[in-house]
Amino acid sequence: RDFCLSRGLGDVYKRQCLTGSFFLRVMNNKVFFTISVLMMAAAMVWLGVGTRVGAVYVAIALVGYGNSNIFSMVFARALQSVPDKQNEVSGLMIMGLFGGTIFPLFMGFASDAMNQQLGAVLVMVVGVLYLFCYIPKMNNK
């Protein structure tokens with residue numbers, strides 16, 4: 001059963017590539033960014049209080065879907081902000097992926113300190129709260 005559910009997450013990722021690019025074309029960036037952040041916030045709530053495996057898988061899919069949309073919008077905005085230095089900006093944004101190796105470490109420390117997985121969720125909540133603060137800075141294009 002878990003194999004079928006985890007395989008479904010791969011299908012969600014494939015669909016995200018199609019739907020995310022479609023929505024980025026037809027929807028206001030700020031609105032789509034806000035929707036993506038709200039999806040991630042809802043996922044944090046589900047991860048924090050969810051007890052069923054299916055709910056946790058849905059929450060993980062929402063985090064992945066929202067996060068992949070966010071990255072592409074922030075990456076594009078960074079490239080547009082300094083068009084004459086696209087190579088440098090691109091390099092800095094990709095170096096920003098280093099956070100993907102730091103956050104799991106902090107999540108592990110928080111989980112160990114609290115003796116439950118809620119500690120890891122709280123670390124992710126900090127990132128989602130930051131994204132809420134970033135919403136006003138998004139372009140309306």
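The values are calculated or read from the model by the stated rules, or taken from the named source; none is laboratory data. These figures come from a predicted structure and were not determined experimentally. Cβ placement follows ideal geometry from the backbone for every residue including glycine, while neighbour counts extend to all protein chains displayed. In case anyone asks, the SASA skips ligands and DNA or RNA and just uses the protein heavy atoms, side chains included. Shrake-Rupley method; radii C 1.70, N 1.55, O 1.52, S 1.80 Å.
Structural remarks
- Altogether, the Stokes-Einstein calculation at 25 °C and 0.890 mPa s, with the Kirkwood radius of the stretch 23-86 over Cα pairs as Rh, returns a diffusion coefficient of 191 µm²/s.
- Pairwise FRET efficiency - C133 versus F98, Cβ, R0 = 22 Å, nearest 0.05: 0.55
- Estimated from the Cβ-Cβ distance and a Förster radius of 22 angstrom, the FRET efficiency linking T51 and D112 is about 0.55.
- Semi-axis lengths, largest first, of the ellipsoid equivalent to the stretch 78-141 are 31, 16, 5 Å, with √(5λ) applied to each eigenvalue of the Cα gyration tensor.
- Calculated Rg and Dmax of the stretch 70-111 using C-alpha coordinates, Å: 13.4, 43
- The stretch 52-106 - accessible surface per residue (Å², probe 1.4 Å): 63 Å²
- The chain: most fluctuating residue of G20, G64, G91 per GNM, C-alpha cutoff 10 Å: G91
- Carbon plus sulfur fraction of accessible area for the chain, probe 1.4 Å, in percent: 68 percent
- Structural descriptor for the chain: relative contact order 30 percent, calculated from alpha carbon pairs under 8 angstrom and at least 6 residues apart.
- Histogrammed with a bin width of 5 Å, the alpha carbon distances of the chain distribute as 2, 9, 16, 19, 21, 17, 9, 5, 2, 0, 0 percent, first bin at zero.
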